[in-house]
Structures are given as C-alpha cells and as structure tokens.
Amino acid sequence: MTVAARPAKATAWSSPAFRFLLGSEAVTLSGSAVSTVALPTLAVLELRASTTEVAVLAFFGQLPSAVALWAGALSDRHPKRPQLIASDLAAAGALVTIPAAVLAGALTVGQLCAVAVVLGAAKVLRDTAAISLLPALVDPGQLHDANAKIGAASSVADSAGTNAGAVLVGAVGPARSVLVDALSFVVSAVLIWRMRVPEVATAPRARTGLSRDIADGVRYVARQPTIRTVIAALSTLSFGLAVMNTYWAYYLLDRLGASPTVLGVIMGVGGAGGVAGALVAPRIAARIGIGPTIIVGFAVSPLAQVPLLCAGPGPRWQIVLAATLAGQLFWATASGTSQRSLRQAVCDPNFQGRMQSASTTLTAGARPLAAATAGGLVLLLDVRATLAIGALLQVVPVVLLLASPIRALREIPARAAVPPAREGA
C-alpha cells in the first residue's frame, strides 16, 4: 500500500505579492542604512553641527509622525500600492537634493532638516500602508512567518547597508553615498508597481470625513486591551530610545573618538544580531510563549545601555559595544516580530491601517518630544547624563507589560470581539 506524501505546509514565501513586498522592504532599508551612516557624518564632521543643531535635525526627522493618524485613515480608505509608490518616489527626490547642494557649495543644516521632514513623512506613509497590507497578502496562519521573514530580510539589508555605508562614506564621501539611498527607493517603487494583488478599501464607502475615520480608529484601539497595552509599551520604549538616539552617533563619533567606519561596523554587527532574532522569533515564541518573548525583548533594551554608559575610547570598548548592540537587536527583533504579528492577528481588518497609525503616532510621535527633551537635558547636564536618563526611561514599558495579561500569553489568540467603534456613525 502506498502512502500519499503529506503536502508541505505553505509558507508566506509561496505568495508572489509577498515576495515583492519583502524585496521592497529589504531594498529600501538597505539604502536607508547607508544614509544612517552618511547623514550624521555629513552633519557632524563636514558641517560641524553643534549639539543644538544635532537635536534640531533629529526633531525635524521625527516631526512627520504627527501625520500618522491621517496616513492610517487614508490607508484604510484607498488602495495601498499607489501610496507605497508615491512615498518611495518622494523620498528619492528629496535625497538627490543633498549631493546637488554639495556640488553647488550650498548645503546647510537647514536643508538637511528639510530633507529629514520629507523622508520622515514618506516613511510614515510607507510603513502604514506596507504593514496594514501584509495581512491581505498571506493566510492568517502565515502571518508570524511573514513578519519573521520581513524582519530577517530587513535586518540583513540594514546590516549590509550600514557596512556598505561605512565603506562608501570613506571612499566617495557622505554626500555621494546618499545617492545609493535614493536609488534604493526607485528600485522599491518598481517592485511595488510589479506587485499584483486585488485591493479593496476596507473602510465604508460612505465618506464621512477623515476626522471621523480617525476617531473611530482611536476608539477601536483604546477598546482592544491587547493592542492598547502593546502600543503603550512601545510608545514609552520609543521615547527612552529616542532620547538616547538623539546623541548616540554624536557620542560615539565625538566623545568616544570612533571613526565613521567604526560607527558603521558597530551598527553592522548589531544588525547581524537583528537577523538572528528575526529568523528564530517564531521558534522562541513557540518555546517560551509569545508574551514572554515580547517582554524579554523590552527588558533587554535598558540593560544593553549599561556598557555604553561605561565605555571609553579604544577598540576594546568598540568590540563590547558592537556585541552588546547585537544582543539588544537580537531580542528587539524577536520581540518586534512577535508583537507586530500579535497586533495584526487580533485587529479587525477594517482597522489595520488605523491601528498601525495609532501605534506610529504614539511611538514615532514621542520622538520629536524626546529629541527636544534630549536637547534641553544636554544643556543642563551633559551628553552622558542625557543618555543615562534615556536608559532609565526604558524600564517603564517593562513594568507595563509585566502588569498586564500579556505576560501569561503563550499563543497568538483569535481575534477578540471589541465594543463597536461606531464606524461612520
């Protein structure tokens, strides 16, 4: 008797549309990682930006998160592919103005701030559309696998882009290196254009105004306990990290004497940790539970800041910082993949865009305030003390999660009923 072979379980990779989205995410993150090295180098080492100007640049880069709620409402109303393409092309157009200004001898910190605003707005629109589109591209059972693959590819792209950025900055200068990022957005736009997936706007066809759609989305998030708790933890963690990130590159380049190449290598090694975290995230969640996976990822973040606060100049400390960042990003990616899958799985399809935009508003929206806070703190204290305060703030989300039912969550639950949000009422 012949036993029929059991068909292999389909993964997210079996969806052509998902593969295009995966490629788009990877290529844009790879290019943006080059700019992560190039832009701080351009500001700090070539334009000789002061600590205040560094804080202002960080503030403007995060300011566009204020439009996230509108981006979410638009995402739920309209097809998402055109939004992805438009945001990619806008980002590419903004980036090419930097080398053009350098050639003309006219680049200023003010122009970098303007470019940062455009890039920030494009990122908000793009991320909202991409994340809310994902559940429509794969089966529900493939969602965690899809997020893990995106996380792994993104981490590889980020690591490769950071290392490439370090090499490019040294070889052709930071301004020309930015062109690689611009090209990455053009490639991404082509990939999304080639994606073929039927899209139906999930919000009601009756137009009641974006303000009403936004209010409905906020009410939905506020009434969904799992989503509400995760977003609250994300926003508080984001604030603490943003306080530190305002001066993180500055601290390494100026106070610890790291070169742009060393900065890129440290970030690249950290990215490798992120790759590993994304690849094993589903297995970690299966072993210890999705709730503990999320909490451990949050808890590692403040602990990982201790070596930075104790570090001094020299290669030994640079190795320690690279290893610590790798461990931090390992758990951050594993936790991020898990919490994103959890939120997408329990969220009503009609509110995917607005749920994500609420998360972006509270997480990314905290960053301009954090950058301004960091700028004020550095005037009263110093850079190292400001970094220490940012690290302490990262303990708060751990307490929030430990006090919630998420700590006992072992599997992703089915979508729970939520009191009606009076959609369009």
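Laid out as a table, the results:
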{"quantity": "Among (1) under 30 Å from residue 413 (Cβ atoms); (2) in contact with a helix residue (DSSP H, G or I) (Cβ under 9 Å, 6 or more places away or on another chain), the one test that residue 166 misses", "calculated": "(1)"}
{"quantity": "Search result, residues across the stretch 146-159 that are crowded, with 21+ Cβ neighbours inside 10 Å and either among the acidic types (Asp, Glu) or out of contact with any Lys or Arg (no Cβ under 6 Å at 6 or more places or on another chain) (or both)", "calculated": "146, 148, 149, 150, 151, 152, 154, 155, 157, 158, 159"}
{"quantity": "Which listed residue, of 274, 240, 270, 257, is assigned to a helix (DSSP H, G or I) and within 15 Å of residue 311 (Cβ to Cβ)", "calculated": "270"}
{"quantity": "Residue match in the stretch 402-415 (condition: closer than 26 Å to residue 311 by Cα, at pLDDT 90 or above and surrounded by fewer than 21 Cβ atoms within 10 Å (Cβ to Cβ))", "calculated": "no"}
{"quantity": "Unmet requirement for residue 53, which otherwise passes all of (1) assigned to a helix (DSSP H, G or I); (2) free of Cβ contacts under 8 Å to residues at least 60 places away in the same chain; (3) under 23 Å from residue 179 (Cα atoms)", "calculated": "(3)"}
{"quantity": "Residues of the stretch 53-89 satisfying the condition of being at pLDDT 80 or above and hydroxyl-bearing (Ser, Thr, Tyr)", "calculated": "87"}
{"quantity": "Selection within the stretch 46-77 - farther than 30 Å from residue 220 by Cα and either crowded, with 22+ Cβ neighbours inside 10 Å or within 18 Å of the chain's Cα centre (by Cα) (or both)", "calculated": "54, 55, 57, 58"}
{"quantity": "So residue 162, is it buried (at least 16 other Cβ atoms within 10 Å of the Cβ), of a type in the set (Ser, Thr, Tyr) and modelled with pLDDT under 75", "calculated": "yes"}
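So that you can scan it fast, the table gives a plain yes or no per residue for (1) surrounded by fewer than 21 Cβ atoms within 10 Å (Cβ to Cβ); (2) in contact with a Lys or Arg (Cβ under 9 Å, 6 or more places away or on another chain):
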residue	(1), (2)
270	no, no
275	no, no
278	no, yes
310	yes, no
323	yes, no
331	no, no
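Every residue, every condition in (1) aliphatic (A, V, I, L, M); (2) farther than 30 Å from residue 132 by Cβ; (3) out of contact with any Pro (no Cβ under 6 Å at 6 or more places or on another chain), yes or no:
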site	(1), (2), (3)
333	no, no, yes
339	no, no, yes
349	no, no, yes
357	no, no, yes
360	no, no, yes
366	yes, no, yes
369	yes, no, yes
377	yes, yes, yes
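Rundown of residues vs (1) acidic (Asp, Glu); (2) in contact (Cβ under 8 Å) with a residue 12 or more places away in the chain; (3) within 21 Å of residue 153 (Cα to Cα), yes/no style:
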position: 279; (1), (2), (3): no, yes, yes
position: 284; (1), (2), (3): no, yes, yes
position: 296; (1), (2), (3): no, yes, no
position: 299; (1), (2), (3): no, yes, no
position: 308; (1), (2), (3): no, yes, no
position: 313; (1), (2), (3): no, yes, no
position: 316; (1), (2), (3): no, no, no
position: 323; (1), (2), (3): no, yes, yes
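The values are calculated or read from the model by the stated rules, or taken from the named source; none is laboratory data. Everything quoted here is computed from the prediction, not taken from an experiment. Note: ideal-geometry Cβ built from the backbone for every residue, glycine included; neighbour counts use all protein chains shown.
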